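Let me begin by presenting the structure, written as structure tokens, before commenting on it.
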Amino acid sequence: MIALIDGLPLVKFENGSVFAFRREWLQAQLAKAAAEAGYRDWWLADHVAQSVTNYLLAEYDSNVLLATELRRSVGEVLATIGYAEVAQHFTPTRPPREISLVEIAAASGSHELTFFARLREALAVESSEGAVQVTLIHLAPAVKTLLSVKLFTEDCAILRDEIVDFARCYLASQGNINILIR
């Protein structure tokens, strides 16, 4: 058996994508379901998420938790505590992923065309795996790496805007995927 570092299982979706379970993710999913059911700022989201996390740590024996199993189990808990309407809206989605632009830039050398091709590949993977949100991180260091400069210049600002436009246009062409850039 493989022991996971934090003792929590991986969550596997029907499309085959897998990610590490996080209590904060489940809390956000529960809050979203509660809001859709008409409960804004639902105070129980944190408590239910913590209870599920405690169960997974103490009693769940497998290293992989199917998203369908999580949905069923959380739905049963919600129905038991009197929030069946929240359970009806609880459909977990994979958490947003982060793509490190500086890692792509470093792997591309100082070749902008290679950088954009690799960025397109990374975004295509996220799109094919059903991403709802993608966060691009380390934009400024990536730009400086690509241009081989230490200080952020006017040329850096131009390239930064090109990268942002490229990512936004690509993800817009792939459907309803939100993008955050840091």
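The values are calculated or read from the model by the stated rules, or taken from the named source; none is laboratory data. Bear in mind that the values here come from a model prediction, so they are computed numbers and not experimental data. Cβ: placed from backbone, ideal geometry, glycine included. Neighbour counts: every protein chain shown. Protein only, heavy atoms only, side chains kept; ligands, DNA and RNA dropped before computing areas. Shrake-Rupley method; radii C 1.70, N 1.55, O 1.52, S 1.80 Å.
Key figures
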item: Subset of segment 116-153 [touching a residue at least 40 places away in the same chain (Cβ under 8 Å) and among the aromatic types (F, W, Y)]; result: F116
item: Every residue from segment 154-174 that is in contact with a helix residue (DSSP H, G or I) (Cβ under 8 Å, 6 or more places away or on another chain) and either without any contact (Cβ under 8 Å) to a residue 24 or more places away in the chain or under 15 Å from I99 (Cβ atoms) (or both); result: D155, C156, R160, I163, V164, F166, A167, Y170, L171, Q174
item: Check on F152, among the aromatic types (F, W, Y), open to solvent by less than 20 Å² (accessible area, probe 1.4 Å) and on the phi < 0 side of the Ramachandran plot; result: no
item: Selected residue (criterion: surrounded by the most Cβ atoms within 10 Å (Cβ to Cβ)) from residues of segment 41-68 that are of a type outside the set (V, I, T) and more than 18 Å from Q29 (Cα to Cα); result: Y60
item: Single unsatisfied condition, V11 versus (1) aliphatic (A, V, I, L, M); (2) without any contact (Cβ under 8 Å) to a residue 24 or more places away in the chain; (3) touching a helix residue (DSSP H, G or I) at 6+ places or on another chain (Cβ under 8 Å); (4) over 18 Å from V86 (Cα atoms); result: (2)
item: Filter result for I177 (open to solvent by less than 50 Å² (accessible area, probe 1.4 Å) and not acidic (D, E)); result: yes
item: Residue, farthest from Q29 (Cα to Cα), within segment 103-121, restricted to residues that are surrounded by fewer than 19 Cβ atoms within 10 Å (Cβ to Cβ) and aliphatic (A, V, I, L, M); result: L113
item: Among residues of segment 69-98, those that are modelled with pLDDT under 95 and in contact with a strand residue (DSSP E or B) (Cβ under 7 Å, 6 or more places away or on another chain), counted; result: 5
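Residues are listed down the side, and each one gets a yes or a no for (1) exposed (fewer than 15 other Cβ atoms within 10 Å of the Cβ); (2) of a type in the set (G, A, S); (3) on the phi > 0 side of the Ramachandran plot:
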position: A124; (1), (2), (3): yes, yes, no
position: L139; (1), (2), (3): no, no, no
position: A142; (1), (2), (3): no, yes, no
position: L147; (1), (2), (3): no, no, no
position: I163; (1), (2), (3): no, no, no
position: R168; (1), (2), (3): yes, no, no
